[in-house]
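Here's the structure we're looking at; comments come further down.
The values are calculated or read from the model by the stated rules, or taken from the named source; none is laboratory data. A quick note: this is a predicted structure, and the numbers were derived from the prediction, not measured. Here the Cβ positions follow ideal geometry from the backbone for every residue, glycine too, while neighbour counts run over all protein chains shown.
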Amino acid sequence: MTKETKQFAYWQKMAAVDPDMAVIDPRDHAGYKNSYICQIRDLAFASALSSIPLQSPVLDFGCGTGSSTKALIQLGYTVKGVDIAPGLLEHAVKRCPEAEFQLSNGERIPADNESMAAVVTYVVLSYLVSAESVQATLTEMHRILATGGKLILIEQARRHTLIVEQGLKIQRSLQDWQQLLATAGFTQVRSKILRHGRFPTTPLIKLGLLPAKCWPWLMQLEQQTAHLCGVFPGDYAEVLFEAIK
Ligand SMILES: C[S@@+](CC[C@H](N)C(=O)[O-])C[C@H]1O[C@@H](n2cnc3c(N)ncnc32)[C@H](O)[C@@H]1O
């Protein structure tokens with residue numbers, strides 16, 4: 001099986017899982033961890049989009065079951081979602097009947113040149129393991145963004161680039177991510193660590209040991225420790241990248 005068909009088969013299989021669990025942690029049956037991560041994602045997208053006028057066209061690349069798409073619609077944007085897996089898109093259509101969805105693996109994104117005010121994506125490019133495919137997808141994102149438009153990525157990073165999950169995912173170093181963005185033509189690249197992968201917070205939340213009322217405080221704690229220590233050795237972090245065309 002080629003890497004591309006392995007990726008496709010994995011995500012298509014996830015369409016049989018509960019749509020709230022399928023695309024982040026499919027083993028999180030209680031749902032606390034998925035909910036915490038979605039809150040971090042949606043707060044980060046909202047903050048990064050604050051300079052983009054409401055109702056502007058926004059592309060949600062790798063929209064999965066439409067959980068990120070729904071949050072963007074609720075903010076007031078006109079959202080188009082694309083994903084590699086038709087089964088996941090069926091859930092997205094049910095969750096967000098007001099949005100437009102199309103299939104794409106990123107080689108060619110179905111949108112006109114300069115038609116989007118922003119492109120957002122949550123942990124999708126980390127699944128494009130080859131440098132060529134991630135570079136091609138970033139170049140497509142650059143093509144469809146209006147001049148001055150914003151790319152908002154949340155991706156996984158490590159101190160040193162590492163391929164994980166039996167070759168399904170790559171956690172690149174911050175330098176590698178920045179280099180890829182610059183090569184695709186993006187400028188003013190900024191990055192901020194949002195959460196640590198295995199630093200106690202997320203596993204304890206998954207076990208139900210840290211109630212939701214503590215989460216805003218825990219989010220701040222994760223960012224403050226990241227500000228001091230960067231990506232922890234031996235762990236990965238989820239990092240928000242903002243870049244301008
Ligand atoms: C971690 S999930 C995030 C889903 C959604 N954005 C969310 O936040 O709930 C990653 C998504 O990327 C999609 N994906 C993986 N490789 C892709 C590719 N080459 N092109 C488009 N989508 C892809 C998967 O199908 C999956 O829906």
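A few remarks follow.
- Where a residue in the stretch 19-40 is farther than 16 Å from residue 123 by Cβ and its partner, wherever it lies, is surrounded by fewer than 18 Cβ atoms within 10 Å (Cβ to Cβ), with Cβ under 6 Å and at least six apart: 30/208; 32/208
- Flag for residue 190 being under 20 Å from the mean Cα position of the chain (by Cα), at pLDDT 95 or above, basic (Lys, Arg) and surrounded by fewer than 20 Cβ atoms within 10 Å (Cβ to Cβ): yes
- Among residues of the stretch 165-187, those that are at pLDDT 95 or above, within 17 Å of residue 123 (Cβ to Cβ) and among the aliphatic types (A, V, I, L, M), counted: 4
- Members of the stretch 114-171 that are away from the ligand (no atom under 15 Å from the Cβ), over 18 Å from the mean Cα position of the chain (by Cα) and more than 23 Å from residue 232 (Cα to Cα): 114, 115, 143, 146, 147, 148
- Scanning the stretch 41-67 for residues that are part of a loop (DSSP other than H, G, I, E, B) and within 14 Å of the ligand (Cβ to nearest atom) yields 62, 63, 64, 65, 66.
- Hey, residue 80 within 11 Å of the ligand (Cβ to nearest atom) and surrounded by 20 or more Cβ atoms within 10 Å (Cβ to Cβ) or not: no
- Within the stretch 193-211, being among the hydrophobic types (A, V, I, L, M, F, W, C), surrounded by 13 or more Cβ atoms within 10 Å (Cβ to Cβ) and over 30 Å from residue 142 (Cα atoms) holds for 199, 204, 205, 210.
- Subset of the stretch 83-104 [within 8 Å of the ligand (Cβ to nearest atom) and either under 28 Å from residue 51 (Cα atoms) or over 17 Å from the mean Cα position of the chain (by Cα) (or both)]: 83, 104
- Any strands (runs of 3 or more DSSP E) falling wholly within the stretch 77-123 and containing at least 1 residues that are touching a Phe, Trp or Tyr at 6+ places or on another chain (Cβ under 9 Å) and touching a residue at least 24 places away in the same chain (Cβ under 8 Å): 78-83, 116-122
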